[in-house]
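Every number in this text was worked out from the coordinates using simple rules, so none of it is lab data. Small disclaimer: the values here were computed from a predicted structure and weren't measured. Cβ: placed from backbone, ideal geometry, glycine included. Neighbour counts: every protein chain shown.
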Amino acid sequence: MTQYNFSAGPAMLPNDVLRQAQEEMLDWHGTGMSVMEMSHRGKDYQSIAKQAEADLREIMAIPDHYKVLFLQGGASSQFAMVPMNLFCTRKILHADYINTGIWSAKAIQEATKYGEVNIAASSESSQFTTIPAYDTWQLRKNSAYVHYTPNETIGGVEFQSIPETGDVPLVADMSSTILSRPIDVSKFGLIYAGAQKNIGPAGLTLVIIREDLIGDAMIDTPTMFNYAIHAKTNSMYNTPATYAWYLSGLVFQWIKEKGGLTAMSTLNETKATKLYQAIDQSDFYSSPVDKNYRSWMNIPFHLADKNLDPHFLERAEQAGLFNLKGYRSVGGMRASIYNAMPESGVDALITFMQDFEKTQA
Ligand SMILES: *Cc1c(COP(=O)(O)O)cnc(C)c1O
């Protein structure tokens with residue numbers, strides 16, 4: 001029986017990538033060493049690191065005036081790094097935040113330690129099941145930046161277009177949507193993402209930052225929290241997450257071989273559309289999310305009777321479908337279907353859901 005892992009993160013990785021890593025595990029390209037055992041300053045590892053960056057730049061079409069940083073500390077560290085760096089570089093001590101769920105709220109909470117945060121829009125009154133209409137946003141013309149979360153991993157709401165912020169740099173926490181479709185990087189001042197959803201293993205955090213936003217961090221910023229230091233040292237100020245960086249590089253190659261982000265986008269749209277259709281066609285299942293902002297990556301759904309939840313999860317595991325339990329605050333189920341989830345996994349889930357519904361009739 002094929003097993004499928006619907007975890008929100010760390011999430012499944014492409015089988016081809018894991019197999020290649022397995023083949024190279026003990027001896028990378030005849031060096032007699034595992035990538036894990038290499039000096040990050042040696043020429044072998046340098047070639048791995050450079051190739052990964054080149055491939056990422058190619059698949060995302062990242063313009064030359066952006067730096068790509070391979071950091072640690074997770075997206076959660078970026079909640080602090082963004083304000084610590086951008087407030088000073090921009091010499092403006094306030095920023096606009098869009099509150100669309102649990103992750104935006106965490107970013108907001110952290111930023112308030114470093115400057116004034118204006119919550120320009122919030123979907124809290126809808127329990128974060130939608131995105132606030134753009135014409136209601138109270139953006140300020142002279143903010144240091146505008147921060148938003150294109151895909152809320154827990155709530156399952158996703159922006160379907162990039163907000164317009166004029167000259168104010170747009171900052172995005174793309175942890176759970178990066179690489180799922182083509183995006184115009186030039187519309188952003190800064191993009192960050194923890195790797196463990198749609199990039200690679202946990203331990204690596206990607207930052208894509210426009211060069212003019214790298215400059216003065218706050219005077220007491222720890223060295224490791226200063227973008228300028230990481231940019232100057234090609235993310236090798238200290239020992240980076242070498243193995244996670246290497247494995248992410250294999251994922252970038254896999255995406256290239258599959259046809260790049262256009263192909264990912266087609267696949268992801270197909271998978272999500274199928275699953276939402278199955279949910280909508282049934283009276284037994286329901287989606288809590290506004291149809292206009294449903295995520296392609298994280299799909300929460302409820303059973304008509306929540307007393308059946310434990311039974312559903314148990315039966316799902318027997319059918320080879322794992323990690324479907326929803327987040328505590330949302331309840332019900334959540335299927336995370338990032339790039340690595342094949343269409344066959346979504347088909348298996350839909351078949352299981354239909355069978356389960358029949359046994360309840
Ligand atoms: C998972 C996630 C985070 C937290 O990431 P860490 O790498 O665990 O710090 C932040 N934002 C979003 C949107 C996420 O999905």
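Observations on the structure shown:
- Residue-level analysis places Met297 among those that are of a type outside the set (S, T, N, Q), touching a residue at least 60 places away in the same chain (Cβ under 8 Å) and within 23 Å of Thr273 (Cβ to Cβ).
- Answer residue from segment 139-149, given it is crowded, with 21+ Cβ neighbours inside 10 Å and part of a loop (DSSP other than H, G, I, E, B) and is nearest to the ligand (Cβ to nearest atom) among those: Thr149
- Taking the numbered list (1) out of contact with any Ser or Thr (no Cβ under 9 Å at 6 or more places or on another chain); (2) surrounded by 17 or more Cβ atoms within 10 Å (Cβ to Cβ) in turn, Glu357 passes all entries but (1).
- Scan of segment 33-86 for residues that are more than 15 Å from Ser235 (Cα to Cα), out of contact with any helix residue (DSSP H, G or I) (no Cβ under 6 Å at 6 or more places or on another chain), in contact (Cβ under 8 Å) with a residue 12 or more places away in the chain and not in a helix (DSSP H, G or I), ordered by number: Ala61
- Residue within segment 223-238 that is more than 16 Å from the ligand (Cβ to nearest atom) and over 22 Å from Lys50 (Cβ atoms) present: yes
- Residue identified as in contact with a Pro (Cβ under 6 Å, 6 or more places away or on another chain), in contact (Cβ under 8 Å) with a residue 12 or more places away in the chain and either surrounded by 21 or more Cβ atoms within 10 Å (Cβ to Cβ) or more than 20 Å from Trp103 (Cβ to Cβ) (or both) among Arg334, Arg315: Arg334
- Failed item in (1) assigned to a helix (DSSP H, G or I); (2) without any contact (Cβ under 8 Å) to a residue 24 or more places away in the chain, with Glu110 passing the rest: (2)
- Leu321 farther than 30 Å from Leu69 by Cβ and aliphatic (A, V, I, L, M): yes
- Checked against (1) away from the ligand (no atom under 13 Å from the Cβ); (2) of a type in the set (Asp, Glu); (3) in contact (Cβ under 8 Å) with a residue 24 or more places away in the chain, Asp135 passes all but a single condition, namely (3).
- Odd one out for Gln109, checked against (1) within 14 Å of the ligand (Cβ to nearest atom); (2) under 16 Å from the mean Cα position of the chain (by Cα); (3) not acidic (Asp, Glu): (2)
- The condition of being among the hydroxyl-bearing types (Ser, Thr, Tyr) and more than 16 Å from the ligand (Cβ to nearest atom) does not hold for Tyr97.
- Across segment 74-93, the qualifying residues are those that are more than 15 Å from the ligand (Cβ to nearest atom) and surrounded by fewer than 17 Cβ atoms within 10 Å (Cβ to Cβ), and the one among them that is farthest from the chain's Cα centre (by Cα) is Lys91.
- Residues in segment 150-188 that are without any contact (Cβ under 8 Å) to a residue 12 or more places away in the chain and either buried (at least 24 other Cβ atoms within 10 Å of the Cβ) or closer than 17 Å to Phe79 by Cβ (or both): none.
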